[in-house]
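Following: one structure in structure tokens, then a few remarks.
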Amino acid sequence: MLRIRIASPEDRQSWTDFVLRSNNGTVFHLPAFLDYHPEGRFMNEHLVAEDEDGRMVAVIPGALSDRDGVTWFRSYPGASYGGPVLEDDASLSLVENLVDALFDHCRTRGYGMLEMTIPPSVYFRRPHNYIDFVLGNHGFTCSKRELTAVIDLRRLGEEIDLAFRESARRGVRKALRSGLKVFEDGDYSRFYPVLADNLKDRHGVKPTHTLEELQRLEKLLGPEKIRQFTTVDESGEVLAGMIMFHANPRVTLAFYISHNEKHQSRRPVNLVYREVIEWARRMGYGYLDLGTFTLNGEVNHGLCRFKESFTARGLFRNTFVGKV
């Protein structure tokens, strides 16, 4: 039997240690990441699962939402990925017991619905679909399925440019000929205006994080967990950039990719893609997640082709919803 309880401040270090040694934990499951949200944004209810000996066997970051009078337990509304964090040797039987215990906890507290977005298989040290399978057996459905573009860095070979399509290589050559260079840059205020303007002009939205929140995240997580790369011209003006999150030892995630549309003809994005791919492989990551090229199931074919030209292929990013 497993027991689920609400995490306390005293669990913080053991929770962190558990995620870092887990099979499928990500930066989004860490208390340090969850701390960046301002107080009151979410009604947090983070959970710890223990076995009969009181040993931690899972953690489930979560928050409560009210929709049409029904309380939802969501894991986690303020993160790219959520769901239960499991040990490397977690069995199907343990996951079945864990989901049963989670449902019991939710019912006891009067919650009616549960929602969680599971990390794609490449985020797992030992990949499996036990969580998806068990939720499906309980009547859960995939309420949202997107494709996220993932590069398998292990198969690129020594000459990584040879793995890219000619269109990608041509863009890199054009950027280099026009004098562009890529640098790692810890000053988020230089790239942030490019990001904000691009999102506003193209999609009418703001970045997920404010500039202050990005700076706060770096302080909470440490500079090794968030890295920024920018393409600059001869004058030092930022033309494009990527902000990378160290998701876990296997995957680095491009959380933000953007460029100045006025300089698109110089192909600054091609160059930052190429240099970040090289950096990620050099750092020992197995995979680079370039983010989604779908929105609510609709494919942005231009973005898809561009990411595919650097060898990325789409993997499911599934959000499961069901009654408890």
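Please treat every number below as a calculation from the coordinates, not as lab data. Remember, it's a predicted structure, so these values are computed and weren't measured experimentally. Ideal geometry is used to build each Cβ from the backbone, glycine not excepted, and the neighbour counts take in all protein chains shown.
How big is the charge dipole of the range 194-324 about its Cα centre, in debye rounded to the nearest 20, if each Lys and Arg gets +1 on its Cβ and each Asp and Glu gets -1 on its Cβ? Working shown, then result.
Working: 19 positive and 15 negative charges, 103 e Å.
With only Lys, Arg, Asp and Glu charged at Cβ, the dipole is about 500 debye.
Against the longest principal axis of the chain, how steep is helix 268-282, in degrees 0 to 90 to the nearest 10, with axes from Cα atoms?
Helix 268-282 and the main axis of the chain meet at about 60 degrees.
Using the Cα centre of the chain as the reference point, and only Cβ charges (+1 on K/R, -1 on D/E), how large is the resulting charge dipole? Debye, rounded to the nearest 20.
On the way: 43 positive and 44 negative charges, 256 e Å.
The dipole of the chain has a size of about 1220 debye.
Tell me which of Met283, Gly179, Ser258 sits at the most positive position along the dipole axis of the chain, charges placed on C-beta atoms (Lys, Arg +1; Asp, Glu -1).
Gly179
Cα axis of helix 12-21 to longest principal axis of the chain: angle in degrees, 0 to 90, nearest 10?
For 12-21 against the chain, the angle is about 60 degrees.
Between 0 and 90 degrees, rounded to the nearest ten: what's the tilt of helix 211-221 against the longest Cα principal axis of the chain?
Orientation of helix 211-221: about 60 degrees from the principal axis.
Choose one of Asn97, Leu2, Thr230: the residue whose Cα lies farthest towards the positive end of the charge dipole of the chain (beta-carbon charges +1 Lys, Arg; -1 Asp, Glu; about the Cα centre).
Thr230
Between Glu39 and Asp185, what is the spin-label point distance in nm, taking each point 7 Å from the Cα along the Cα→C-beta axis?
3.5 nm
Could you tell me which of Val205, Phe133, Asn300 has its Cα farthest along the dipole of the chain towards the positive end, charges placed at Cβ (Lys, Arg +1; Asp, Glu -1), taken about the Cα centre?
Asn300
From the Cα trace of the range 197-258, what convex hull volume per residue do you get, rounded to a whole Å³?
Working: hull volume 6.6 nm³, N = 62.
Convex hull volume per residue, Cα atoms: 106 Å³.
In whole Å, what three semi-axes, largest first, describe the equivalent ellipsoid of the range 149-317 built from its Cα gyration tensor (square root of 5 times each eigenvalue)?
21, 19, 18
Can you pull out the GluC sites (Glu not before Pro) in the range 167-231 that DSSP calls coil and that have at most 16 other Cβ atoms within 10 Å? Please report the intermediate quantities before stating the final value.
Details: sites: Glu184, Glu212, Glu213, Glu218, Glu224; in loops: Glu224.
Sparse-neighbourhood loop GluC sites (Glu not before Pro): Glu224.
What is the Cα coordinate range of the chain on the first, second and third principal axes, sorted by size from largest, in whole angstrom?
Extents along the principal axes, in whole Å: 64, 39, 36.
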